[in-house]
Amino acid sequence: MNPSVNLHRLQVLDTKLDLLQKQILNQEGIIRNTTEIDISSKMVEEKLAHFHEIELKLTKISAKRRELSIKVEQSESSLYSGTIHNPKELQDLQNEIRSLRKIIPGIEEEEFSLMMELERAQTELQIAQKNLNQLKQIKILSNQERTNKVESLVKDKEILLRERNAALPSITPDLLTIYERIRQQKNGLAVIDIVDDSCSGCGSEITKSEWQQARTSLALIYCQGCGRIIFGN
């Protein structure tokens with residue numbers, strides 16, 4: 001029997017197995033890929049850090065405004081308490097109160113500006129968090145779908161492996177060794193079909209004589225261009 005026939009059958013199975021394995025790895029790679037979520041998580045972290053930064057500034061400026069307001073109240077209380085009679089001390093208190101009253105409006109304006117900025121930062125943080133949650137939910141659904149796909153591909157692969165194992169006894173060890181060596185060297189394709197009088201692997205011309213030999217010879221016939229086994233169908 002022409003030895004290329006059984007090897008071609010094995011090649012067909014192996015080509016399908018290679019494709020299935022590639023699809024499985026591709027799906028598993030997508031399942032493991034969290035780039036979009038990682039970017040979104042980083043965004044949330046940045047927005048949260050920005051929010052806390054503004055919050056801290058607001059806390060400090062609010063504390064400063066309260067401190068100055070209390071200082072004004074205390075100074076006014078001392079000024080009008082009647083306990084201070086020294087004119088210079090009274091004048092100093094009045095000057096201090098005027099100075100503080102000039103400073104406080106600027107601080108209040110800064111405080112209000114920070115309050116607005118904090119509100120914007122909180123909105124941006126909420127939007128970023130919402131986007132992250134949506135991406136995570138989409139990823140969960142997508143991964144479930146892809147996991148089901150992988151399971152289906154694995155089942156198909158198991159069926160093909162059983163067919164491959166059933167085909168192996170018809171191939172002698174020496175031919176199998178040649179086949180596996182060429183497959184390893186030629187990107188998984190050891191046995192080629194003739195398409196339009198050409199090698200389906202490299203495109204080199206296959207003569208009618210070579211094709212006839214491949215059909216009838218008890219020895220393997222190889223493509224002169226790439227060295228793959230010619231299937232004499």
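The values are calculated or read from the model by the stated rules, or taken from the named source; none is laboratory data. Just so you know, these numbers come straight off a predicted model, no measurement behind them. Here the Cβ is made from the backbone with ideal geometry for all residues, glycine too, and neighbour counts use every protein chain on show.
Data table
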quantity	calculated
ARG228 being under 30 Å from SER4 (Cβ atoms), touching a residue at least 12 places away in the same chain (Cβ under 8 Å) and in contact with a Lys or Arg (Cβ under 8 Å, 6 or more places away or on another chain)	yes
Tally, over the stretch 188-231, of residues that are of a type in the set (Lys, Arg), in contact with a strand residue (DSSP E or B) (Cβ under 6 Å, 6 or more places away or on another chain) and surrounded by fewer than 22 Cβ atoms within 10 Å (Cβ to Cβ)	0
The stretch 128-143 residues that are more than 13 Å from THR35 (Cβ to Cβ), paired with ones that are among the small types (Gly, Ala, Ser) and surrounded by 13 or more Cβ atoms within 10 Å (Cβ to Cβ) (beta carbon under 8 Å, 6 or more apart)	ALA128/SER40; ASN131/SER40; LEU132/SER40; LEU132/SER41
Qualifying residue in the stretch 166-181 (condition: at pLDDT 95 or above, more than 30 Å from ASP38 (Cβ to Cβ) and within 32 Å of the chain's Cα centre (by Cα))	no
Residue in the stretch 20-35 that is in contact with a Phe, Trp or Tyr (Cβ under 7 Å, 6 or more places away or on another chain), of a type outside the set (Phe, Trp, Tyr) and surrounded by 11 or more Cβ atoms within 10 Å (Cβ to Cβ) present	no
From the options LEU79, LEU141, LEU135, residue that is modelled with pLDDT of 95 or more, surrounded by 15 or more Cβ atoms within 10 Å (Cβ to Cβ) and either touching a His at 6+ places or on another chain (Cβ under 8 Å) or in the same structural domain as LYS42 (by TED's automatic domain parsing) (or both)	LEU135
Among residues of the stretch 24-61, those that are of a type in the set (Ser, Thr, Tyr) and either in contact with an Asp or Glu (Cβ under 6 Å, 6 or more places away or on another chain) or not in a helix (DSSP H, G or I) (or both), counted	1
Subset of the stretch 182-233 [more than 44 Å from the chain's Cα centre (by Cα), part of a loop (DSSP other than H, G, I, E, B) and aliphatic (A, V, I, L, M)]	ILE206, LEU218, ALA219, LEU220, ILE221
Residue selected from the stretch 3-12 under the condition surrounded by fewer than 19 Cβ atoms within 10 Å (Cβ to Cβ) and touching a residue at least 24 places away in the same chain (Cβ under 8 Å), by the criterion nearest to the chain's Cα centre (by Cα)	ARG9
Qualifying position, being in contact with a helix residue (DSSP H, G or I) (Cβ under 6 Å, 6 or more places away or on another chain) and either farther than 30 Å from THR216 by Cα or not assigned by TED's automatic domain parsing to the domain that holds ILE221 (or both), among LYS42, LYS16, LYS88	LYS16
The listed residue being surrounded by 13 or more Cβ atoms within 10 Å (Cβ to Cβ) and assigned to a loop (DSSP other than H, G, I, E, B), out of ILE107, ILE103, ILE84	ILE84
Every residue from the stretch 37-76 that is surrounded by 14 or more Cβ atoms within 10 Å (Cβ to Cβ) and among the aliphatic types (A, V, I, L, M)	ILE37, MET43, VAL44, LEU48, ILE54, LEU58, ILE61, LEU68, VAL72
